[in-house]
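Where a number appears in this text, it was derived from the coordinates with a stated rule and is not lab data. Everything numeric in this text was worked out from a predicted model, so none of it was measured. Methodologically, a virtual Cβ is constructed for each residue, glycine included, from the backbone with ideal geometry; neighbour enumeration extends over all protein chains shown.
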Amino acid sequence: MSPTDDPGAPGYRQVDDDPNVDKLIARMDETARWAATVRLRSWERQSLALTAGERLLDVGCGPGDAGIALARELGDTGELVGIDSSDQMLRVARARARPAACRVRFTRGDASSLEEPDDAFDAVRCERTLQWLPDPAVAVAEMVRVLRPGGRLSLIDTDWSTFDISVGDDALAAVIREALRTERHRPSNVGSRLGDLVVAAGCEPVAQLEATETWTSWMPDESPAPLGCFSMESLADDLVAAGRLPGDDRQLVVTTIQDAARRGEFTMRLTMFGVVAIAP
C-alpha cells in the first residue's frame, strides 16, 4: 500500500485488520494535499510524460488517487494497473476509478513479487511504499523486470532521518531527531537512497527532486494531529519503543509538544525524495 507516514503506527502493514481503516484512508487523502506531495506528483507527471495508449503500473497504489490522476494521460486506449496488499484500499481505489476513460485493473499483490509478466508496462510508479518493505531493492528489481526496455520508473518516498521538530525545547527536539535517524524494523530512511536503488537495478536516473513538508501551526484542541500527520502520542510511543524515552516521561513529552503548539511555538519538517529513471 501507499502508507500514511507514521513512525509510531505499525498497523499500516495490516490495514485490513484495523477497525479505523476509514480514518487511515482519510489521513492518506490529507497527505495527498501536502504541498510537498503536490509538488512531487506534478514533477512526476512531467517527468514520466505518459501518452495515450501506454500502460502504467502503480505499485502500492493505496486508495488509487495518484495513479488515477496520471491515467488521464493514457486516453481511452491505455491501461492503469494498481497493486496493493490491502483489500480495503483496493475497494476505495476501484470506486474512485469508475470515471476513468482508460482500462483499469486493481489487484491484490506483493510489491516484492509482482504477478505481472516481463516487459509488460511503459511506466511504473511507487510512492511511499518502499519504506514499509523488508527489502526495497528486491521490489525495485521487480518493477524493472515488468518494465519494457526504455520504460520509465518513478519512485517517491520519505526519509525519516530528515524529520525535525521545534517546540521550544532543544533537548527534546534532539532526542526525537536522533531516534528517527535510526532505522528499526523497516527502511524508514529509504527516500534519500532512491537514486542508488535505481542504479543498482540497472536503470539510468534522468530526474531527481526533493520536497520538504513544513507544519508551522497546529491546534491540538481542535485536531488530534497536524494535517495528515501522526499524533504526538504515537511519536512518544515510538521514542519509548526506541529506548530514547523512559515510559514514565511519555505523557510529559506529549504535553510539552501540545503546549508549544497552543503557544504558536510549534514547527515540524519532513523531506520526501523522488527519482525518475529509464529501464535498460
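In the Gaussian network model of the chain, springs joining C-alpha atoms below 10 Å, which of Asp159, Asp135, Asp249 carries the largest mean-square fluctuation?
Asp249
Antiparallel DSSP bridges in the chain: what percent, to the nearest 5? Intermediate values should be presented prior to the final figure.
Working: 23 of 44 bridges.
That works out to approximately 50 percent antiparallel.
By how many degrees, between 0 and 90 and to the nearest 10, does the Cα long axis of helix 232-241 differ from the longest principal axis of the chain?
90
Please identify every one of the GluC sites (Glu not before Pro) in region 21-63 that sits in a loop by DSSP and has no more than 10 other beta carbons within 10 Å of its own beta carbon. Show your work: numbers first, answer last.
On the way: sites: Glu30, Glu44, Glu54; in loops: Glu54.
Answer in residue order: no site qualifies.
Not counting the cut sites, what is the longest span of the chain without trypsin sites (Lys or Arg not before Pro) that DSSP labels loop and that have at most 13 other Cβ atoms within 10 Å? Kindly include the intermediate steps, with their values, before the conclusion.
Numbers: sites that count: Arg33, Arg184, Arg263.
Value returned for the longest uninterrupted segment is 34-183.
Under 12 Å from the Cβ of Ala241, count the other residues' Cβ atoms, weight Lys and Arg +1, Asp and Glu -1, and hand me the total.
Numbers: positive: Arg184, Arg244, Arg250; negative: Asp237, Asp238.
Summing Lys and Arg as +1 and Asp and Glu as -1 gives +1.
Can you tell me how region 37-85 classifies by the Cα gyration tensor, rounded, prolate or oblate, using a/c under 1.5 as the rounded cut?
Values: a/c = 2.09, a/b = 1.07, b/c = 1.96.
Oblate shape, in that a/c is at least 1.5 and b/c is the bigger or equal ratio.
Let me know the charge dipole size of the chain about its Cα centre in debye, to the nearest 20, where only the beta-carbon of Lys, Arg (+1) and Asp, Glu (-1) is charged.
Details: 31 positive and 46 negative charges, 135 e Å.
With Lys and Arg at +1 and Asp and Glu at -1, about 640 debye.
Cα axis of helix 250-262 to longest principal axis of the chain: angle in degrees, 0 to 90, nearest 10?
For helix 250-262, the angle is close to 80 degrees.
Mean residue ellipticity at 222 nm from the helices of the chain, using -39,500 (n - 2.57) per DSSP H segment of n ≥ 4 over the full residue count, to the nearest 500 deg cm²/dmol? Could the numbers behind the result be given before it?
On the way: 9 runs with 94 residues, N = 280.
Only helices count here, giving -10000 deg cm²/dmol.
Can you classify region 12-105 as rounded, prolate or oblate using the Cα gyration tensor, where a ≥ b ≥ c are the square roots of its eigenvalues, rounded means a/c under 1.5, and otherwise it's prolate if a/b beats b/c and oblate if not?
oblate
As an exercise, identify the GluC sites (Glu not before Pro) in region 188-250 lying in DSSP coil whose Cβ has no more than 11 other Cβ atoms within 10 Å.
Numbers: sites: Glu210, Glu213, Glu222, Glu233; in loops: Glu222.
Answer in residue order: Glu222.
Which loop-located GluC sites (Glu not before Pro) does region 141-204 contain, where loop means any DSSP state but H, G, I, E or B and the Cβ has at most 16 other Cβ atoms within 10 Å?
Numbers: sites: Glu142, Glu178, Glu183; in loops: Glu183.
Those satisfying the criteria are Glu183.
With point charges of +1 on the Cβ of Lys and Arg and -1 on the Cβ of Asp and Glu, referenced to the Cα centre of region 50-120, which listed residue (Ala97, Leu70, Val59) lies farthest in the positive direction of the dipole?
The listed residue farthest towards the positive side: Ala97.
Let me check I've understood the local charge: for Leu147, count other residues with C-beta under 15 angstrom from its C-beta, Lys and Arg +1, Asp and Glu -1. What total comes out? Can you show the working numbers first?
Details: positive: Arg55, Arg125, Arg145, Arg148, Arg152; negative: Glu54, Asp58, Glu79, Glu116, Asp118, Asp119, Asp122, Glu142, Glu204.
Result for the neighbourhood of Leu147: -4.
In nm, to one decimal, how far is the modelled label at Glu204 from the one at Ser192, with both set 7 Å along Cα→Cβ?
2.8
If we count every other residue with Cβ under 13 angstrom of Arg181's Cβ, Lys/Arg +1 and Asp/Glu -1, where does the sum land? Please report the intermediate quantities before stating the final value.
Values: positive: Arg177, Arg184, Arg244; negative: Asp159, Asp164, Glu178, Glu183, Asp238.
Spelling it out: positives minus negatives among the neighbours equals -2.
Quick check for me: using +1 on Lys/Arg Cβ and -1 on Asp/Glu Cβ, what's the dipole size of region 220-280 about its Cα centre, in debye to the nearest 20? Mind showing how you got there, number by number?
Values: 5 positive and 9 negative charges, 56 e Å.
Computed about the Cα centre, the dipole is about 260 debye.
Quick check: the angle from helix 35-48's long axis to the longest principal axis of the chain, C-alpha only, nearest 10 degrees?
Long axis of 35-48 versus the principal axis of the chain: about 20 degrees.
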